[in-house]
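Bear in mind that the values in this text are calculations on the coordinates, not laboratory data. None of these values were measured; they are calculated from a predicted model. Please note: Cβ atoms are built from the backbone with ideal geometry, for glycine as well, and neighbour counts cover all protein chains shown.
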Amino acid sequence: MTSSFFSYNKSKVLQALRFHFITRKEIKIMVILVNLFAIVSLVLFYLNKVTAYAFLGSSLLWFSLMISFWFILPNVIYRKSATFKDKLRVRLDPNQLYIENDNGNKTWPWREFSAVMESNYFFHLYFDARSFFIIPKDAFPKEDLKDIRKFLKEKIKRK
């Protein structure tokens, strides 16, 4: 279908990784529970039912969780992945996704992907709930994005 060269932009990749974490069901549930815990501790502190130390502890838990999901985890993953530092070529064929860099290439038949999601700057191609490959939208001409979006949704259907 189409073939393009691209490089990853660090700030956009970090945003894509945050998007991935926030869209996970288990993360959503944990964030909701920690937020509820923080609100309950605030109300109990206001009603003088808990000490300032208990409220401070719940607030530190909330801040720690938000900082880890928003900053630490995406940065650790970015630093550990050599893929984000490569210049890649992507080709979308009717039967497979083809990725190439200076060191070699890799193809995946479309059936290996379980889902496709779209964020502001990327197409997220999921193998399973935790493994995915991201392709920047700016790797393609703007006028082709609508067709590429349609193509990916046809090729990758939720299992």
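Which listed residue (Met66, Ser119, Phe133) has the Cα farthest towards the positive end of the charge dipole for the range 51-135, taking +1 on Lys and Arg C-beta and -1 on Asp and Glu C-beta about the Cα centre? Checked the options; the winner is Met66. Which percent of the Cα-Cα distances in the chain go past 20 Å? For the chain, the share of Cα pairs beyond 20 Å comes to 59 percent.
Note on the chain: dipole from Cβ charges, positive end direction compared against Asn75, Val90, Phe37; the farthest Cα belongs to Phe37.
By how many nm would the segment from Ser131 to Ile29 grow when fully extended, if each residue of separation counts as 0.36 nm and the alpha-carbon distance is taken off? The span from Ser131 to Ile29 would gain 34.7 nm if fully extended.
Computed on the range 10-80, with alpha-carbon pairs under 8 angstrom and 6+ residues apart, the relative contact order is 43 percent. Note on the range 68-159: with charges restricted to the Cβ of Lys and Arg (+1) and Asp and Glu (-1), its dipole about the Cα centre is near 260 debye. Take the Cα of Trp70, step 7 Å toward its Cβ, do the same at Ile39, and the gap between the two points is 1.8 nm.
Here, P(r) means the percent of Cα pairs in each 5 Å bin from 0 to the largest distance; for the range 101-159 it is 4, 17, 28, 25, 18, 8, 1. Working from the Cα coordinates of the range 31-72, the gyration tensor eigenvalues give, after taking √(5λ), semi-axes of 21, 10, 5 Å in decreasing order. Rounded to the nearest 20 debye, the dipole size of the chain about its Cα centre is 200 debye, using +1 on the Cβ of Lys and Arg and -1 on the Cβ of Asp and Glu. For the range 10-80, the dipole from Cβ point charges (+1 on Lys and Arg, -1 on Asp and Glu) about the Cα centre works out to 400 debye, to the nearest 20.
Here the contact order of the chain, divided by its residue count and restricted to Cα pairs under 8 Å and six or more residues apart, works out to 24 percent. Note on the range 27-108: the alpha carbon radius of gyration divided by the globular reference 2.2 N^0.38 Å gives 1.89. Within the chain, the whole DSSP H helices whose Cα atoms reach 18 Å or more along their own axis and whose mean Kyte-Doolittle score is at least -0.5 are 10-23, 25-46, 52-67. In this simple spin-label model, placing a label point 7 Å from the Cα along the Cα-to-Cβ direction at both Tyr46 and Ala115 gives a separation of 3.6 nm. With both labels modelled 7 Å from their Cα along Cα-to-Cβ, the Ser59 to Lys87 distance reads 5.0 nm.
The ranking of Ile27, Ile134 from fewest to most other beta carbons within 10 Å of each one's beta carbon is Ile27, Ile134.
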